[in-house]
1. Being in contact with a strand residue (DSSP E or B) (Cβ under 6 Å, 6 or more places away or on another chain) and of a type outside the set (Asp, Glu) is the filter here, so list the residues in region A:73-104 that pass it.
2. From (1) open to solvent by 10 Å² or more (accessible area, probe 1.4 Å); (2) farther than 21 Å from residue A:152 by Cα, pick out the condition that doesn't hold for residue A:19.
3. Return the residues of region D:167-184 that are farther than 20 Å from residue D:119 by Cβ and among the polar types (S, T, N, Q); say none if nothing qualifies.
4. Specify which of the listed residues (D:36, D:62) is open to solvent by less than 10 Å² (accessible area, probe 1.4 Å), farther than 26 Å from residue C:181 by Cα and touching a residue at least 24 places away in the same chain (Cβ under 8 Å).
5. Please indicate, with yes or no, whether at least one residue in region D:145-153 is β-branched (Val, Ile, Thr) and surrounded by fewer than 21 Cβ atoms within 10 Å (Cβ to Cβ).
6. Looking at the structure I just gave you, is residue C:21 within 17 Å of residue C:161 (Cα to Cα) and among the acidic types (Asp, Glu)?
7. Mind telling me which of the residues A:164, A:187 ends up being of a type in the set (Val, Ile, Thr), under 30 Å from residue C:115 (Cα atoms) and surrounded by 21 or more Cβ atoms within 10 Å (Cβ to Cβ)?
There are 4 protein chains.
Amino acid sequence: MKLLLTGFEPFGQESVNPSWEAVKAIPDMVEGVEVVKVRLPVTFKGAAVMLEQAVNEFRPDVVLCVGQGSGRSEVNIERVAINMADSKKPDNDGYQPEEMPVRAEAPDAYFSNLPVKRLVEALHEAGVPAVVSNSAGAYVCNSVFYTALHLVHNKYPDMRAGFVHIPYLPCQVVEKSKQPSMATETVVLALETILHTLATVNHV
Amino acid sequence: MKLLLTGFEPFGQESVNPSWEAVKAIPDMVEGVEVVKVRLPVTFKGAAVMLEQAVNEFRPDVVLCVGQGSGRSEVNIERVAINMADSKKPDNDGYQPEEMPVRAEAPDAYFSNLPVKRLVEALHEAGVPAVVSNSAGAYVCNSVFYTALHLVHNKYPDMRAGFVHIPYLPCQVVEKSKQPSMATETVVLALETILHTLATVNHV
Amino acid sequence: MKLLLTGFEPFGQESVNPSWEAVKAIPDMVEGVEVVKVRLPVTFKGAAVMLEQAVNEFRPDVVLCVGQGSGRSEVNIERVAINMADSKKPDNDGYQPEEMPVRAEAPDAYFSNLPVKRLVEALHEAGVPAVVSNSAGAYVCNSVFYTALHLVHNKYPDMRAGFVHIPYLPCQVVEKSKQPSMATETVVLALETILHTLATVNHV
Amino acid sequence: MKLLLTGFEPFGQESVNPSWEAVKAIPDMVEGVEVVKVRLPVTFKGAAVMLEQAVNEFRPDVVLCVGQGSGRSEVNIERVAINMADSKKPDNDGYQPEEMPVRAEAPDAYFSNLPVKRLVEALHEAGVPAVVSNSAGAYVCNSVFYTALHLVHNKYPDMRAGFVHIPYLPCQVVEKSKQPSMATETVVLALETILHTLATVNHV
C-alpha cells in the first residue's frame, strides 16, 4: 500500500502546526505501508495545487490529510467535505474567500471513502479520544479534503481519501484560556493506528 | 530539599488516576531533591490521615499533592484550600459529606504558601498550559490540600504545601464527549518543572 | 409570502423541546407573512413523511425547520444537509440507523438556499448570538433538512428551505453541568428576525 | 426584611453589565422585602467604599451582590470570598493589583452566611440553571464579596451576605465565539426566587 500523508505549515498567530509535527514523525515505511509525506501551505489555492501534483506523481492508494482543528479536544475523523470556501480570516496568501466554491460545477459535498467509524473504534481501542466529525469547516483544510475527494470522483476511482483534524499542541495553548490540546506522542499513536487499520482491514 | 509528592488511586468510574501515573514516573532523586511518593486513597478520612502520617514521618520541606481535575484542560496550580467537605458523589469509602468542615474550629480557608504565579510562569516557559486556580473544589482533593496547609499553620511553619490539579489522561476521555485531556509525558514535564522551580528559586 | 415553520416534539430524556416552544409562539401572520406551524415527530421516517405532506399541501415559499441543538450556545443557521442518517441513540420510534442514506440515489449533500450569512448578520443586529453552522449532525434534524432540500431540487425549485438549531431552554439544563441555554423570548426574537429578513430582502 | 441589592457598571470592552440590567428591574418592594439598589463601580477601591457606605446607611438584613461571570452558563451562588486581589486586566480606575490582600490583617477567606445550597435548590425548582460556585475569582466581584463578609464578621454579625455571578447577556456574546448567555428575564426570575427564598426560609 502507498500512502500520501500531508500536514500543514503554521498559520494565523501560530509558529508551529501540530499536523506537520506529527506527520514528520511517522516513518517512511510502516508495517509494509510506503509513506510519502508532504507539507502543504495554508493557502486555498496553493494547497489544492500541491496536493493534486503529489497525487499525480505518487499515485497513492490512500491520501490522508491532517490539519489543526483549533479548539477541538479529540482526534476528528472527518466524514464530509463541502464545496465551500468561506473564511473569517485570510489564508497565508492574504486571500479570504466568501462563500466561493472549491471547484466550479462540482457537487455540494463528497463523503470520505475511508471507513470513518471503524477508524474511530480502532482509535478508542488504542486509548486515543476520537470522534467522527460531520464538518471539516470551510477553510483551507476543507478545501484540501474536497480536492482529494474530487480527484477520487473524477480521476482516481480506486483511491481512498480522508481528513483528520487534531487538537492544538500543549505549547500552543499556553497563552489561550481553557483550550484543549494533545501531545504529539498521542497524535503519532493516532496516525499509526489509522495506518495500521487501513493497511489490515478490507472494507467495502 | 525533601519533597513529599502524592497522587491518588482511581475513583468513580475510572480505572486509572492520572495523578498517580505521573507521580510514580518521577525519579526518587531529581536535581538534588529527595522525592518520597505516596499514593493516597480517594476517601475524605483516609487520605487526610495518610497524608499527615507521611508528613510526620518524612518531615518534608515541601508537600506537593497532585489530583485529577475532571474536565480541566490545563495544569491548575491551586491557590486556596477551603474548610469544606461537600460532595455530589460518595468517596471510595461510600462517604458523602454535605457542607462539613474538613477540620473543626479551623479557619474557612488557607492560601498555599507556594509561589503559585511563579510556578505558572515556569510552566509556560516549559510549554505546558497552566493557570492559577482559585478553587480546588470541595471533594477529597481539597480536603487533602486543606489538611496539608493546616499542618503548616499548626505544626510545621517552615513547610511549604501546594496542590496541582491535572487533566484526564487521553484514555480516560475515549468514551466522554468533548473532554480535554493531557498525556502523562506532559504532566511529568510539568511536575519536573515545578520541582526544579521550587528547588532553585528562593521565595519569600 | 407563505412560510412553513416546523418544530419538534421532545426526545431523549427531555419533556419539552425548545423548538416547538418557540415556533408555537409565532403568530399566524407576521408582517404580511402567512405562517403555518407544524410539530414534527422525532423519528427518521415519520418526520420526513410529515414534512413532505405539509409541503405538498401548503406549497410554501419558504420552509424553515427549527430543532434543538443540544449543547449549542448560539442560534445556528445551518448551511448544509448531508445524505446520512447515523445515530448513537434511537429515535422516538426506537429506530437507530447506522450510516444509512436519507434518500437512496441522491447526492451526498445539499446546501441551503437561504442567505445564511445575511441571516446571521440580521440576528447580530437584533442582539441575538448566531453563527453559520456547517453541520446539522446526522440525526433526525439533518434528515428533515435534507428532505426539504431534496424537495427543492426535485419538485419545487422555487421553494427556499433552511434549518435553524437552537440551544436548550434554561429549564432543560438545570440538572446538566455547564450547558448553555437560551430563553424562549430570545429564540422568538430570532425567528421573527429571520422571518422579517426573508420577507424583506430579495436575494439571488 | 431589608435587602441591599447591588449590580455593577460595565467594564472591559462591554457597554452593558448584565448584573445592573437585572438588578434595576427588581421592584423596590417584593413580597414585603424592602429593596435598595445600588450600582457599584468596577474598581477595587471605589466598589468596596461604596458598598460599605451603603451598608452603614441602610443597615440591611441581607446584602446580595450580583456580578457578571464572564463565560459562565449558569447562575452561580458563590460560597467563599478570598482575601486576594489579583487581576490580569486593569479595573475601571486603571488599577491592576497583583496578589494584594483585599483587607490587611484579615483572614484568607470567609464563607457566605447565606444558605447557598438551598438557594440552588430553589432556583432549580423555578427552572433556572444554577450551581454553588467555590470561586468568585480574584477581581472586583470577589473584593466586594469579601468586603461584605468582612463587615459581617467585624461590625454587623446579624447581617447576611452573598454574591451571585450571572452569565453574559445574549447581546454581549454576539461577537464572541461559543459563549453561553442568559436573558435578563431569566436572571430577574433568579433574583426574585432568591429574594423569596431568603424572605420565607428560616435558616441557621
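1. A:75, A:76, A:77, A:79, A:80, A:81, A:82, A:85, A:97, A:100, A:102
2. Result: residue A:19 passes all but (1).
3. Within region D:167-184, D:172, D:177, D:179, D:181 meet the criteria.
4. D:62
5. Yes, region D:145-153 contains a residue that is β-branched (Val, Ile, Thr) and surrounded by fewer than 21 Cβ atoms within 10 Å (Cβ to Cβ).
6. Answer is no for this residue.
7. A:164 is the lone residue from the list that is of a type in the set (Val, Ile, Thr), under 30 Å from residue C:115 (Cα atoms) and surrounded by 21 or more Cβ atoms within 10 Å (Cβ to Cβ).
The rows are residues; the columns are (1) over 16 Å from the mean Cα position of the chain (by Cα); (2) not acidic (Asp, Glu).
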site	(1), (2)
B:99	yes, no
B:103	yes, yes
B:177	yes, yes
B:183	yes, yes
B:188	no, yes
B:194	no, yes
B:199	yes, yes
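The values are calculated or read from the model by the stated rules, or taken from the named source; none is laboratory data. No experiment lies behind these values; they were computed from the predicted model shown. Reconstructed Cβ throughout: ideal geometry from the backbone, glycine too, with neighbour counts over all protein chains shown. Keep in mind that these areas ignore ligands, DNA and RNA; they rest on the heavy atoms of the full protein, side chains included. Shrake-Rupley method; radii C 1.70, N 1.55, O 1.52, S 1.80 Å.
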